[in-house]
Every structure is written in C-alpha cells, then in structure tokens.
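Down below is the structure, laid out as structure tokens.
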Amino acid sequence: MTVDFTRLGVHDLGRSFGRRRALARVSFACEAGEIVGLLGPNGAGKSTLLSILATLLKPTTGHVQYGERTADVAGAALRARLGMLGHDLYLYPELTARENLLFFARLYGLADAEARVAHGLEKAQLAERADDQVAGFSRGMRQRLALERALVHGPRLLLLDEPFTGLDQASAASLVARLRGLRDDGCLVIVATHDLDVVDGLLTRVLYLRQGKLVAEEPGEGGGGALWERYQRVISHS
Amino acid sequence: MTDFFRIAWLIVKKDLTVEIRSLELVLTTVFFAALCVLVFAFAFVEEGRALDHAAGGILWIAIAFSGTLALGRTFERERQAETLRALLLAPADRPALYVGKLLGVILLMLLVQVLIVPLVGLFFQAPIFRHPGLLGALLLTGTIGYAAVGTLFAAMLVRARSRDVMLPILLYPIAVPVIIAGVRGTAAIFQATPDEPMARFWITLLLFFDVVFVTLALWTFEPLMTE
C-alpha cells in the first residue's frame, strides 16, 4: 500500500542538534507540479530541512503533512512516494549500474523492476555502461545514475541536495530538462542548490533560508532581476 | 511476512556480491583469526602439548575478535556513500534491514570458523571431529548471539565519531555470556572425557540468549535508526 498526496505542508518546523539550532519555525506549503528552490548560504539548514522532509530526521518542533497524513502515521507507505538524491550519491561502488538500480527497484517491491531499470539506464545515458562497476564512473555519470536511483519507483516528492555538483554544462542542461518533465508529470520537486545560474528559470518558487530561518519566499520568476541578484539582495538584507 | 524475508534476502545478496568483489572482510577477518590462533599456539603449546582447556578459549577469542572486525565494517560500508540513508528511505520494514545485515555477518563469521576450527584442532590437538553435531550447534548458536548484539551496536554507532573504539567497549560486556557459554561448552566437548549433557546445557543457554538478543534488536532497531 502506498500513500499518495498532492500537497506538502510544513508547519512551524524546528530542529536542534544538542544546543545548536539548525532550523527554527519554518512554515511553507507547496503543491504537486512545482519545483521549489531552497536557497541559502552554507549552514542555513537546507540539508536538515530536506532530511526531515525525507522522514530521515525527526523535527524537534512542528510537523510535516504529506496530504492529510504525517510521517509518523503513514510510515513505510509514505516512504514509497518519496525520492531523495543527497550530496552523497547513495550508490554502491562495487555494484554495476544495473545492479544498483535493480537492488533499489526490488527494495521498493516494484513488479516491473527490470523494465524500469532499463528505462532508467537509458535516461541516465548509461545503457552501454550498464554492466560496469560504479567505482569506475566519473562524478557526472554517478550523479546521473543516482538521480535514476531516486526516481526508479516514481516518487511524488523528489528531494534534491546539490544535484548539479560535478555535472558538465550538457549534463546540467539535461538534468534541468528532466526536472521540467517531472514537474509536468505532477511530481513535486524540492531542490537545495548553490548553482543559481543553472536553476534560474527552472524554479516555480524560491525559499530563502538563513541561519535556520525562512527569511523570504518569492515566485521563481518575475521577482526583478536574475536569481543570483535576488539571492544577494535577500540574503544581505536578512 | 514474505516481504520481510524478501527484503532481508535482498540485503544479504547485495552484501555478498559486494564482499565477493572486494574480498575486504573475508581476507582481513580470516587473516586476523588465524593470526590469533597462531600467537596463542606459541604461548600455550609446549613441546607439542597444549595447555588443558586452552583450545576452547582460544577458539572463541579468535571468533570474537575477528567478528568485531567484520561487525565494524558492515555498517561502515553503508556509511561511506550514505547508502544507509537510501536503505532507510525505502518503504521496507526497518527490522528486515537489520535481519539482512545480521545474516551477512553470521555467514562471514561461519566462513571464518570453517577455517579456524581445523587450525585450533591442529595446533591444540583438539578433537574437533569427536562430536561434530554438538560443536556445530555451539558455534552456530554462539555466533548468532554474538552477531545479533554486535550488529545492533554497529548500527547504533554508525554516526558516532569514535565508533571503532566504542564498538568493542559496548559489545564485549554484553556479549560476555555468549563467550563464556561458548568456551565452557567447547571445553566440555574437547576434554578427555567429553561431558555431553554439559555441552547441551550450554547450547540451550545460547539458544535462550539468541532469542532474547534477536528479539530485543528487532524491537529497538527502528527507533535507533531514526535520528
């Protein structure tokens, strides 16, 4: 059984690690079909927020609602609709590209695992290297494979932490096109990134975080100037 | 329930594939266990005669020490590329992940034993073929108990900075009953006049430990893995 949802609600979210406060009273909501950017300097709380949204970390205060449910109630059924690509790529270097995707497809209990894996390998442009061990791949190839790993089960909510790291221009453009396709298919994408030039024009909404607080929220486009200019303005005035 | 064991088997299969390709754990644990037996053989064998009752103790010391090496690495591998997060993100029963990891460690420890039991027999003139069924049962039940506690602690410490130091410090006091039962049971088999009822008593006790430790681990794994 899976739990589907089209709306994500974050209410008064806070998280502390010992005495250090990583997130404080963050609230926002978003809908399926959006690409939301989490922008902010290092230590702003972006990765912590993504980990909480992925149900890997429990908030100290507040809660997250996936449609009508919370992570505590929905548990494993909810996790079947979440996909995450972290800064580390969550791949086994000793396994081949195909084995990595097959392992995760089977972990998600997908009936058509082989077909999905073949499709994922095509999308990652790794069909010809499918039976090579991941240890021999470049960072860009691993990044593309890791994205397919996160997408193999067709998640509703896709969480990306610095997905453009190590990608050349062509691969970054291909990832941007892939994210647009996912958005059009009704996926809700939340991406934390410092690659402002790459995501300029891609995001439907931008959330600015600083020192664990949500300091501003604005539409992805039409906010006056390029994204990096808006980022500089918001962060320096917050 | 079938899904639980399907997930556990997936983890075992994946861990075995990784190990077959890297041979990292097999080589280090076998080498270390063999070295332990060899060093003790120099200390406790004089003029071809081994100290009475030494064989059982040395066998279990080698099993425990080499097992600690394997336990430390089993979750360390999942931490290196943060694959543990991907496992925890999957819609699988988290205790099934534990069982998969546990079975992998047990298989590795049993493989080590296949090599070091004959070594102990050779260096300490231990009659390893006298009661193979009883010795096998002792080794299996002891290994399950030791690995059950060790796998849980290894998972618990995966994000701790001093995990390499902390694992033996936490593991050995809790696993002492398993080691004592293993040593006494093995000594009962190896002694000049074997004491079969005593060996059976220690096997029963180890079975009891196994049930308690595995149940506790299954119960606590999910909360331990949620930060």
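The values are calculated or read from the model by the stated rules, or taken from the named source; none is laboratory data. Everything numeric here is computed off the predicted structure, so don't read it as measured data. Backbone-built Cβ (ideal geometry, glycine too); neighbour counts: all protein chains shown.
Filter segment A:170-218 for residues that are polar (S, T, N, Q) and either assigned to a strand (DSSP E or B) or modelled with pLDDT of 90 or more (or both) and give the result. Break it down into steps so the answer makes sense when it comes.
First pass over segment A:170-218, keeping only residues polar (S, T, N, Q): A:171, A:174, A:193, A:204, A:211.
Those that are polar (S, T, N, Q) and either assigned to a strand (DSSP E or B) or modelled with pLDDT of 90 or more (or both): A:Thr193, A:Thr204, A:Gln211.
Can you confirm whether segment A:179-198 contains a residue that is closer than 20 Å to A:Glu221 by Cα, surrounded by fewer than 17 Cβ atoms within 10 Å (Cβ to Cβ) and among the aliphatic types (A, V, I, L, M)?
No, every residue in segment A:179-198 fails to be closer than 20 Å to A:Glu221 by Cα, surrounded by fewer than 17 Cβ atoms within 10 Å (Cβ to Cβ) and among the aliphatic types (A, V, I, L, M).
Do you know which residues across segment A:42-55 are more than 13 Å from every other protein chain (Cβ to nearest Cβ) and within 23 Å of A:Cys187 (Cβ to Cβ)?
Correct list: A:Lys46, A:Leu49.
Is there a residue being more than 25 Å from B:Ala54 (Cβ to Cβ) and surrounded by 23 or more Cβ atoms within 10 Å (Cβ to Cβ) anywhere in segment B:197-212?
No, there is no match, as no residue in segment B:197-212 is more than 25 Å from B:Ala54 (Cβ to Cβ) and surrounded by 23 or more Cβ atoms within 10 Å (Cβ to Cβ).
Does A:Gly14 qualify as being part of a loop (DSSP other than H, G, I, E, B) and either more than 8 Å from chain B (Cβ to nearest Cβ) or closer than 20 Å to A:Val191 by Cα (or both)?
The answer is no for A:Gly14.
Are there helices (runs of 4 or more DSSP H) fully within segment A:56-137 with at least 1 residues that are surrounded by fewer than 16 Cβ atoms within 10 Å (Cβ to Cβ), in contact (Cβ under 8 Å) with a residue 12 or more places away in the chain and within 14 Å of chain B (Cβ to nearest Cβ)? List them.
Passing ranges, in order: A:76-79.
Name the one entry in B:Gly136, B:Gly104, B:Gly150 that is within 14 Å of chain A (Cβ to nearest Cβ) and among the small types (Gly, Ala, Ser).
Unique residue meeting the criteria: B:Gly104.
Of everything in segment A:140-193, what is touching a Ser or Thr at 6+ places or on another chain (Cβ under 7 Å) and free of Cβ contacts under 8 Å to residues at least 40 places away in the same chain? Give them in sequence order.
Within segment A:140-193, A:Gly140, A:Arg144, A:Phe164 meet the criteria.
Output the residues belonging to segment A:21-46 that are surrounded by 19 or more Cβ atoms within 10 Å (Cβ to Cβ) and either part of a helix (DSSP H, G or I) or without any contact (Cβ under 8 Å) to a residue 60 or more places away in the chain (or both).
Of everything in segment A:21-46, just one residue is surrounded by 19 or more Cβ atoms within 10 Å (Cβ to Cβ) and either part of a helix (DSSP H, G or I) or without any contact (Cβ under 8 Å) to a residue 60 or more places away in the chain (or both), namely A:Lys46.
Of the conditions (1) out of contact with any helix residue (DSSP H, G or I) (no Cβ under 9 Å at 6 or more places or on another chain); (2) exposed (fewer than 15 other Cβ atoms within 10 Å of the Cβ), A:Asp168 clears all except one; give me its number.
(1)
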